[in-house]
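K.L.:
Mind having a look at this structure? Questions to follow.
The values are calculated or read from the model by the stated rules, or taken from the named source; none is laboratory data. What you are looking at is a predicted structure, and each value in this text was computed from that prediction instead of being measured. Neighbour counts run over all protein chains shown; Cβ positions are idealised from the backbone, glycine included.
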Amino acid sequence: MSETSKVVLVTGATGGIGSAVCLRLANSGYSLILAARDISKLQAACAALERPGLPSHRWISVDMSSDASIASFSHELATDGTVLDGVVLMPPQMRPTGDCQPPADMWRQLFQSNFIGPLELLKSAISTMRPDPSQGRRAKIVIISAITSVQALGNYATSNVLRCAWLAQAKTLAFAMGERGIHVNTLSLGGTLWHRSTCAPPRLA
Ligand SMILES: NC(=O)c1ccc[n+]([C@@H]2O[C@H](COP(=O)([O-])OP(=O)(O)OC[C@H]3O[C@@H](n4cnc5c(N)ncnc54)[C@H](OP(=O)(O)O)[C@@H]3O)[C@@H](O)[C@H]2O)c1
């Protein structure tokens with residue numbers, strides 16, 4: 001890893017959107033830390049990004065639905081002295097559901113895997129950032145959200161709620177951390193096609 005290259009953590013790095021984000025960032029000279037669960041996919045994705053003369057990349061396996069896995073991820077990030085300049089955070093994709101009153105257990109599981117877990121991971125990533133606005137050094141966080149953060153969709157009942165939670169959390173972080181030089185944004189994607197896309201077409205509520 002080059003001394004001067006900026007380091008960006010990308011979660012969901014082996015998925016359709018994550019792979020495209022990683023390729024763009026790697027080709028622009030960033031050094032990446034790829035995160036997802038499947039180690040063999042992470043290894044292959046890292047290898048595919050390597051280019052002579054450009055910074056190298058590495059991976060850390062993490063399951064965002066598991067507190068223990070996130071704790072181990074955070075420990076690895078903290079102990080190797082990583083200083084992150086950016087994070088692209090992709091909470092796991094939610095399955096479509098038209099059930100507007102899902103059972104409590106489903107809510108608990110979804111809040112854990114799609115909000116609480118990714119937020120804990122983000123917290124540990126932020127703790128490694130060293131922005132210094134007086135020196136023009138800033139850090140950036142982009143949270144990949146979905147169009148359900150602005151428009152409720154009938155077949156994405158749980159996404160409608162969780163994406164709005166992320167939008168509110170991103171605004172809260174942006175207000176709290178902007179002056180420190182940590183910028184927080186969300187990107188609310190509509191249906192995004194890629195070669196293995198599993199996204200169901202939207203149905204307006
Ligand atoms: N595709 C769309 O049309 C669309 C539209 C709007 C928003 N989005 C959002 O964009 C993001 C990426 O979408 P995508 O289509 O690229 O999804 P995808 O192809 O299904 O990729 C999901 C990625 O997340 C990882 N992942 C899944 N569960 C995880 C977990 N519990 N812990 C850690 N990593 C996990 C997967 O790797 P492992 O399975 O190895 O963990 C994979 O790298 C998601 O947040 C999705 O909701 C997508």
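K.L.:
Return the residue satisfying two criteria in turn: it lies in the range 4-22 and is at pLDDT 95 or above and in contact with a Gly (Cβ under 8 Å, 6 or more places away or on another chain), and of such residues it is nearest to the ligand (Cβ to nearest atom).
P.N.:
Once the filter is applied, the top-ranked residue is GLY12.
K.L.:
Any residue at all in the range 110-129 that is touching a Leu at 6+ places or on another chain (Cβ under 7 Å), closer than 22 Å to ALA35 by Cα and small (Gly, Ala, Ser)?
P.N.:
Looking through the range 110-129, at least one residue is touching a Leu at 6+ places or on another chain (Cβ under 7 Å), closer than 22 Å to ALA35 by Cα and small (Gly, Ala, Ser).
K.L.:
Further, regarding this structure: Being more than 16 Å from ARG95 (Cα to Cα) and in contact with a Ser or Thr (Cβ under 7 Å, 6 or more places away or on another chain) is the filter here, so list the residues in the range 144-183 that pass it.
P.N.:
Within the range 144-183, VAL150, CYS164, TRP166, LEU167, ALA170 meet the criteria.
Rundown of residues vs (1) touching a residue at least 12 places away in the same chain (Cβ under 8 Å); (2) out of contact with any strand residue (DSSP E or B) (no Cβ under 6 Å at 6 or more places or on another chain), yes/no style:
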{"site": "MET64", "(1), (2)": "yes, yes"}
{"site": "ASP67", "(1), (2)": "yes, yes"}
{"site": "ILE70", "(1), (2)": "yes, yes"}
{"site": "GLY81", "(1), (2)": "no, yes"}
{"site": "VAL88", "(1), (2)": "yes, no"}
{"site": "PRO96", "(1), (2)": "yes, no"}
{"site": "MET106", "(1), (2)": "yes, yes"}
{"site": "GLN109", "(1), (2)": "yes, yes"}
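K.L.:
May I pose another question? Answer yes or no: is there a residue in the range 169-178 that is of a type outside the set (A, V, I, L, M) and either within 13 Å of the ligand (Cβ to nearest atom) or modelled with pLDDT under 95 (or both).
P.N.:
No, the range 169-178 contains no residue that is of a type outside the set (A, V, I, L, M) and either within 13 Å of the ligand (Cβ to nearest atom) or modelled with pLDDT under 95 (or both).
K.L.:
Would you confirm whether any residue within the range 149-156 is touching a residue at least 24 places away in the same chain (Cβ under 8 Å), in a helix (DSSP H, G or I), out of contact with any His (no Cβ under 9 Å at 6 or more places or on another chain) and hydrophobic (A, V, I, L, M, F, W, C)?
P.N.:
no
K.L.:
Still on this model: Which of the residues spanning the range 19-38 are surrounded by fewer than 23 Cβ atoms within 10 Å (Cβ to Cβ) and in contact with a Leu (Cβ under 8 Å, 6 or more places away or on another chain)?
P.N.:
Across the range 19-38, the qualifying residues are LEU23, LEU25, ASN27, GLY29.
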